[in-house]
Number of protein chains: 2
Amino acid sequence: MKILLIGATGTLGRAVHMVLRERGHEIVTASRTGSEISVDITDPDSIQAMYERAGRIEAVASAAGGVPWKPFAELSAQDVRDGLTGKAFSQIELVRQGSARAAEDGSFTLISGVLVRDPLVRGSMASVANGAVEAFVRAAAIELPHRQRINAVSPTVFSESMDHYGDLFAGFEPVPAAMAANAYIRSIEGRQTGQVYEM
Amino acid sequence: MKILLIGATGTLGRAVHMVLRERGHEIVTASRTGSEISVDITDPDSIQAMYERAGRIEAVASAAGGVPWKPFAELSAQDVRDGLTGKAFSQIELVRQGSARAAEDGSFTLISGVLVRDPLVRGSMASVANGAVEAFVRAAAIELPHRQRINAVSPTVFSESMDHYGDLFAGFEPVPAAMAANAYIRSIEGRQTGQVYEM
């Protein structure tokens, strides 16, 4: 299957790349820098240019999206906008534009995360974006044309990221990024839609 | 209790107004037009002006927020932005600014809705905004200062609105707006926080 992998250079993106390759898929990588296609997913024009370069694809796998991490009392109005744009608007726009271009039976797999159900101090914008993404997946699933499907992967913190986040996720049970990557395979090769794969 | 009611002129807002009055609260009303204070909650400056006029308040009750209702295939990028701004950014901004102004033990009650769990054709932007709002409520609850609290009311379609929405909610069991209004009392007068009251 020809798959467009966005956010290919991150911890999760690299794990998804590895498992897609093991499954014999043809992969086109995209990310801000360091991939075959450079893309800023907060910019609809940049997304359009990415899809034009990628050509006809059968699945879109997103492991991309960023939000401000700040204590609630320090958030500015712009931080709230950036949180909504960075991980929710951006991924919705991937699907909105991609739906018109993806193949019959094509699929979209988006990234959410544990903070939608288990909030953390400093993580409110991640919670908000994830809540929007998961609700979008359930809603878009009943409207996508051409039997296209959409699911979200909603992992807890990755073992590989525990050092980076320090005490923020203290007491959380981390999982390897490869476990979340497996859920992308389940979404892409399976027939489910409107699902959120939690781990 | 002195309560700022935003969206006071809508179907839900009028029902909340009635039940707050019955409970003996002092109510300051705000909405785009027709209330004591005119406010555009998508504009942070307008929210600031509203809070300055309202003075010291003990609870904020929001029954406000709008999103585009369109088939998914007809949504523009701007529609997605408008959906996120109209009901999610706007209500988050009510809390972000309000938290610094509300009293010790003050509360925020936001409006979500059934589409976060039961999507409808044409309702994807409502689903997205509601998902963001409910995740925000869970997240903000653990960070609000001064023992402030936050909850969301997440009702199904109102009996009063069935004519307006026509067949869109066919098969949904409507509830009177007064039932959702009661949940505002529960949020304001109770001590719960981080809750989503579904009906």
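The values are calculated or read from the model by the stated rules, or taken from the named source; none is laboratory data. Remember, it's a predicted structure, so these values are computed and weren't measured experimentally. Quick reminder, even Gly has a Cβ in these numbers, built from the backbone with ideal geometry, and neighbours come from all protein chains shown. Calculation scope for accessible area: heavy atoms of the full protein, side chains included, ligands and nucleic acids excluded. Shrake-Rupley method; radii C 1.70, N 1.55, O 1.52, S 1.80 Å.
Quick notes on this one:
- Solvent-accessible surface (1.4 angstrom probe) belonging to B:Lys2, in square angstrom, nearest 10: 40
- Rounded to the nearest 20, the Cβ-based charge dipole of region B:2-198 about its Cα centre (Lys and Arg +1, Asp and Glu -1) stands at 400 debye.
- Dipole of region B:2-198, positive end: most advanced residue of B:Ala135, B:Val153, B:Ala100 [Cβ charges, Cα centre]: B:Ala100
- What separates the A:Glu52 label point from its copies, with the point 7 Å along Cα to Cβ, is 4.6 nm, written shortest first.
- Protein-only accessible surface at a 1.4 angstrom probe places the residues A:Arg122, A:Arg21 in the order A:Arg21, A:Arg122, largest first.
- Net +/- balance of residues flanking A:Leu144 in space, Cβ distance below 13 Å, scoring K and R +1, D and E -1: +2
- Sulfur and carbon atoms: percent of accessible area, region A:2-198 [1.4 Å]: 46
- Gaussian network model of chain A, Cα within-10 Å springs - most flexible of A:Gly34, A:Gly113, A:Gly131: A:Gly34
- Charge tally for A:His25 (other residues, Cβ to Cβ under 13 Å; Lys, Arg +1; Asp, Glu -1): -1.
- For B:Lys2, the lysines whose Cα comes closer than 28 Å to its Cα, not counting residues fewer than 8 places off in the same chain, are B:Lys87.
- Label 7 Å beyond Cα on the Cβ vector: B:Glu173 copy-to-copy distances, nm: 3.6
- B:Ser38 - accessible surface, heavy atoms, 1.4 Å probe, Å² rounded to 10: 80
- Buried accessible area, chains B and A (both chains, 1.4 Å probe, Å² to nearest 100): 2900
- In the complete set of protein chains, residue-level accessible area for A:Thr11 is approximately 50 Å², probe 1.4 angstrom.
- Placing +1 on the Cβ of every Lys and Arg and -1 on the Cβ of every Asp and Glu, with nothing else charged, gives region A:35-133 a dipole about its Cα centre of roughly 260 debye.
- Residue-averaged [θ]222 nm for chain A, counting only DSSP H segments that reach four residues, each worth -39500 (n - 2.57): -11500 deg cm²/dmol
- Chain-alone versus full-assembly comparison, region B:118-154, residues with accessible loss of at least 30 Å² (1.4 Å probe): B:Pro119, B:Val121, B:Ser124, B:Val128, B:Ala132, B:Ala135, B:Phe136, B:Arg138, B:Ala139, B:Ile142, B:Glu143
- Cα-centred dipole magnitude for the protein assembly as shown, charges only on beta-carbon of K, R (+1) and D, E (-1), debye, nearest 20: 220
- Remark on B:Ser107: its backbone amide H falls under 5 Å from those of B:Ala59, B:Val60, B:Arg149, a criterion applied only to residues 5 or more positions apart or on other chains, H modelled at 1.01 Å from N.
- Exposure ranking of B:Asp40, A:Asp167, A:Asp118 by accessible area [1.4 Å probe, largest first]: A:Asp167, A:Asp118, B:Asp40
- Summed residue charge, Cβ within 12 Å of B:Ala103's Cβ, Lys/Arg positive, Asp/Glu negative: +2
- Accessible area per residue, Å², the protein assembly as shown with all protein chains present, probe 1.4 Å: 39
- Position B:Arg23, label points 7 Å along Cα→Cβ, spacing to each other copy in nm (shortest first, one decimal): 5.0
- Solvent-accessible area lost in complex, 30 Å² minimum, residues of region A:70-100 relative to chain alone, 1.4 Å: A:Phe72, A:Ala77, A:Val80, A:Arg81, A:Leu84, A:Phe89, A:Ile92, A:Arg96
- Accessible surface ranking that places the most exposed of B:Ser46, B:Ser127 first, with a 1.4 angstrom probe: B:Ser46, B:Ser127
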